[in-house]
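Quick notes on the structure that follows.
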DNA sequence: ACCATCCGTGGACGCCATCGACCTCAACCT
DNA sequence: AGGTTGAGGTCGATGGCGTCCACGGATGGT
């Protein structure tokens, strides 16, 4: 992970569809060299994948909610996690310090669907209680923060 | 936005670096047709961009926190937002229903940097109080949820 | 029935991805 | 010191891809 790798990561974070040739131009190496570096960043796990950033409303997911979860005292955290993993509406899942063990970010199409999700969460074994906050609007999300100050 | 468009969106959400030729094979059209469709999805704002998904620890951002913000009674929300926008550590910013007007997701390298961020937030004009929860681990994040059930 | 429009296909051409051969340099061993 | 080794780069070649263009078939309005 030298400065060129960080530069590549940065470029791909801002536009994952850049060609290797273009990346090569930007970092001042040849295309095969960049190809090999990116390959190593992928296999080493630094680059986990490439995702299109989609306007949620456009695909019928206009409701965003953040849900805190309090676990039962004797709950098996792995089982709870597995249950959450089977709910596709849960886009993100953080294991938190504090009374609420989990913080979930969920995205659904309607308030009715959110209600159904909350009911399912409360029925999940190991879940003691849920606390849901609705996002009125998303100002921004997953903004990539610059990782390499010296962009040559 | 027909079924083929949804299919394309789905494919690009899971791998934004797929070639047009490959996309064409998967949806059963020619490459130029796919090229044009994707172009329209981009200009219409459905596809906002393409991002590499980076392991945060690998780029020195091992600490994730979620921060609730209570605004002053007379605060100018736009000014507060602008201040947040200038803090690159804030990766996501939701405007919420409830006492806490904003929910921020921030990512920093160390607890010390988190402390500095919280101090800066509390000093920001319009911010009455902050409530920070630290994520001990991220189970998953921004998992794309399937948007087109019939992947014919 | 006609025409305009939309959306697709197929062909062409230049650029890109990717492989292999070779080069350079630094580290290390003897 | 000199030789060896390995990592990581360049260059050149080739097959596939991106992208432009001309063309064609369905659809809907008049």
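Read-outs throughout are calculated quantities, based only on the coordinates presented, and are distinct from any laboratory measurement. What you see is a predicted model, and the numbers here were worked out from it, not measured in a lab. As a convention, Cβ positions derive from the backbone with ideal geometry for all residues, glycine included, and neighbour counts pool all protein chains shown.
Measuring nothing but how far apart in sequence close Cα pairs (under 8 Å, 6+ apart) lie, relative to its length, region B:1-117 scores a relative contact order of 22 percent. In this simple spin-label approximation, residue B:53 and residue B:86 carry label points 7 Å from Cα along the Cα→Cβ vector, and these lie 3.4 nm apart.
Averaged over the residues of peptide A:78-91, the number of Cβ atoms from other protein chains lying within 10 Å of each residue's Cβ is 2.
Among residues of chain B, the one whose Cβ lies closest to the rotation axis carrying chain B onto chain A, together with that distance rounded to whole Å, is B:16, 2.
Taking R0 as 45 Å, what's the FRET efficiency between residue A:70 and residue B:19 from their Cβ-Cβ distance, rounded to 0.05? All intermediate terms of the calculation are to be shown ahead of the outcome.
Values: r = 46 Å, r/R0 = 1.03.
With R0 = 45 Å, the Cβ-Cβ based efficiency is 0.45.
Semi-axis lengths, largest first, of the ellipsoid equivalent to region A:3-43 are 12, 12, 10 Å, with √(5λ) applied to each eigenvalue of the Cα gyration tensor. If you plug the beta carbon distance of residue B:131 and residue B:79 into 1/(1 + (r/R0)^6) with R0 = 22 Å, you get a FRET efficiency near 0.60.
Projecting label points 7 angstrom from Cα along Cα→Cβ for residue A:110 and residue B:143 puts them 2.5 nm apart.
Inter-copy label distances for residue A:82: 5.2 nm (label point placed 7 Å from Cα along Cα→Cβ; shortest first).
Taking 0.36 nm per intervening residue step and subtracting the Cα-Cα distance, what contour gain separates residue B:122 from residue B:1 on full extension?
39.2 nm
Each copy carries residue A:138; placing its label point 7 Å along the C-beta direction from Cα gives inter-copy distances of 1.4 nm, listed from smallest up.
Strictly greater than 20 Å: what percent of every Cα pair in chain B meets that? The calculated P(r) of chain B puts 60 percent of pairs beyond 20 Å. Across peptide A:99-111, the average count of Cβ atoms from other chains found within 10 Å of a residue's Cβ is 2.
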